[in-house]
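Since every read-out is calculated from the coordinates, none of them should be taken as a lab result. Source: prediction; values computed, not measured. FYI the Cβ positions are ideal-geometry reconstructions off the backbone, even for glycines, and counts take in every protein chain you see.
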Amino acid sequence: ASSKFYVEVKLDTTNLPTELVEKLYVNLVDCWAGASSPLPVNLGYKMIEGGCALERPIPTDVYFQESHTVRFSTPSFSFAGTQYGYLFCSIRLCNEPDCVPCQGTSTARALEPISSDTVAAFGPFFITKGDLTL
């Protein structure tokens with residue numbers, strides 16, 4: 001059996017007002033991997049597209065989703081000619097009633113356009129034993 005790696009995307013709500021925390025929802029829009037950074041989504045190997053996990057080219061399983069946390073796993077992989085790999089995700093923070101995770105296939109429900117992009121965290125991040133912290 002091949003080994004997997006696990007990814008967690010979590011909104012740190014420690015310093016946010018309670019009324020805001022109750023309404024916020026984290027939604028993975030796209031996740032992709034590649035051998036270089038930065039790497040536009042159209043040049044990477046997609047794992048999540050339009051909020052939906054993909055079976056190809058890298059099978060991905062979104063196995064946990066609640067308002068502030070999304071976790072997914074995928075089989076371990078590497079890129080020929082380099083010891084590094086890069087993982088990218090675009091996320092959407094929205095009001096919970098307006099933010100719906102995948103509904104079947106990636107074409108089942110389109111997400112509304114995002115009006116602006118902000119980098120919340122940027123790597124590279126290295127795989128270590130234990131929790132990965134930023």
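Numbers for the structure displayed
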| quantity | calculated |
| --- | --- |
| Check: segment 4-98 dipole with +1 on Lys, Arg Cβ and -1 on Asp, Glu Cβ, in debye | 400 |
| Neighbour-count order for Ser2, Ser37, Ser90, fewest beta carbons within 10 angstrom listed first | Ser2, Ser37, Ser90 |
| Inter-label distance for Val29 and Tyr63, nm, one decimal - labels placed 7 Å from Cα along Cα-to-Cβ | 2.8 |
| Hull volume in cubic angstrom per residue (convex hull over the Cα atoms of segment 45-87) | 85 |
| Gln83 versus Val21: modelled label distance in nm, points set 7 Å from Cα along the beta carbon direction | 4.1 |
| HN-Hα J in Hz across segment 57-71 - Karplus 6.51, -1.76, 1.60, θ = phi - 60°, x for Gly and Pro | x, 10, x, 10, 10, 7, 10, 7, 8, 9, 4, 10, 9, 10, 10 |
| Under Karplus coefficients 6.51, -1.76 and 1.60, residue-wise ³J(HN,Hα) of segment 16-21 in Hz, glycine/proline x | 9, x, 3, 5, 7, 4 |
